[in-house]
Amino acid sequence: MNNITRNILTFSCIFLMALSCKNSKTEEKNKQTNVQNPSVKTINNTKEDELSEIGFELMKNESFGELKLELGTKKIKDLIGEPEEKTKSEIWEVDGEYHQDWKYRTKGIELNFKGKSDSTRTVEMITIIKPCELKTKKLIGIGSEYDKVQSAYLNNIDQSASNAETIVVGTVYGGLVFNFENNKVTSIFIGASAE
C-alpha cells in the first residue's frame, strides 16, 4: 500500500469515527427531547383538563342571585319578568339547536336560551352589565375591582386566556368571563363563549 492510499484510508477512518460520534450524540439528544416532550404535554393537558372541569362545574353551580343556567322560561319570568326584547329563534350551526336571546336592558341582563319552544327552552348563557346589581356566589358583580376577582377565583383562572381587560375562570369552552375597564368589572358572562 502506498502512502497516498494509507493517508486516504486513515483520513476516511477518522472522518467516519467523528461522524459516528456526532450521530450518536444527536440520537441521544433526540431521545432525551422525546422523553421530555410527553411529560410537558401531560402537564399542560392535565392543567387544561382541570380548567375544563372547573369551568363545567361553575356552569352547573354558579349563579347571579337565583339566576343561573338551565332554568326554564317560566322560572325566569317568575324571577325577573318578561323581557323587553326577544330575538327570533334561530338554529345555530355550531350545535344544530334553536337559540333565542331575551334582553332585559333596564336590568342589565341578557339570557340566551336553547330549545325550540318556550316550554322546552332553558338558559344556556347569561351576561350581566350595568345597571345589574346581582353578584356571583363569591360576591363579585359589576364594578368589582380586578384584584378582588383575581383573589376570589385565584386557582381557577385560565392564565393563557386572561389579561388586564379579561379574566377567564375555567375556560372559554365553559366557565365565567369577567371583562374590565379601568380595573373594574363591566360585564360578567356564564356559559361557553367558544365551541
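Each value in this text was obtained by applying a stated rule to the coordinates, not by laboratory testing. Owing to the predicted nature of the structure, the values given are computational and were not obtained by experimental measurement. Cβ coordinates were reconstructed from backbone atoms using ideal geometry, including for glycine residues, and neighbour counts include every protein chain displayed.
Could you list which residues have their amide H under 5 Å from that of Phe64, counting only those 5 or more apart in sequence or on another chain, with H placed in the peptide plane?
Result for Phe64 returns nothing.
Binning at 5 angstrom from zero up to the longest distance, how are the C-alpha pair distances of the range 61-191 distributed in percent?
2, 11, 20, 22, 18, 14, 9, 3, 0
Put one equal scatterer on each alpha carbon of the range 56-138, apply the Debye formula with no solvent term, and list log10 I(q)/I(0) at q = 0.13, 0.16, 0.21 1/Å to two decimals.
Calculated log10 I(q)/I(0) at the listed q: -0.39, -0.59, -1.00.
Quick one: order Met125, Met59 by neighbouring beta-carbon count within 10 Å, fewest to most.
Met125, Met59
For Lys60 and Glu181, compute 0.36 nm times the residue count separating them, minus their Cα-Cα distance, and round to one decimal in nm.
Numbers: separation 121, 0.36 × 121 = 43.56 nm, distance 2.76 nm.
Net length gain for the segment: 40.8 nm.
Once you have the Cα-Cα distance between Lys116 and Glu165, take 0.36 nm times their residue separation minus that, and quote the gain in nm to one decimal. Working shown, then result.
Working: separation 49, 0.36 × 49 = 17.64 nm, distance 3.53 nm.
Length difference between fully extended and current span is 14.1 nm.
To the nearest 0.05, how large is the calculated FRET efficiency for Asn155 and Asp95 if R₀ is 22 Å and r is the Cβ-Cβ distance?
Details: r = 30 Å, r/R0 = 1.36.
Efficiency, from the Cβ-Cβ distance: 0.15.
Percent relative contact order of the range 61-191, based on C-alpha pairs within less than 8 angstrom and at least six residues apart?
For the range 61-191, the relative contact order is 20 percent.
Holding the Cα-Cα limit at 29 Å, pick out from Lys47/Lys77; Lys116/Lys184; Lys116/Lys138; Lys68/Lys116; Lys74/Lys130; Lys88/Lys130 the pairs that are longer than that. Can you show the working numbers first?
On the way: Lys47/Lys77 39 Å; Lys116/Lys184 37 Å; Lys116/Lys138 33 Å; Lys68/Lys116 20 Å; Lys74/Lys130 25 Å; Lys88/Lys130 25 Å.
Violating the 29 Å limit, Cα to Cα: Lys47/Lys77; Lys116/Lys184; Lys116/Lys138.
May I ask you to list the aspartates and glutamates whose Cα is less than 12 Å away from that of Lys60, ignoring any residue fewer than eight positions away on the same chain?
Reachable aspartates and glutamates: Glu70, Glu124.
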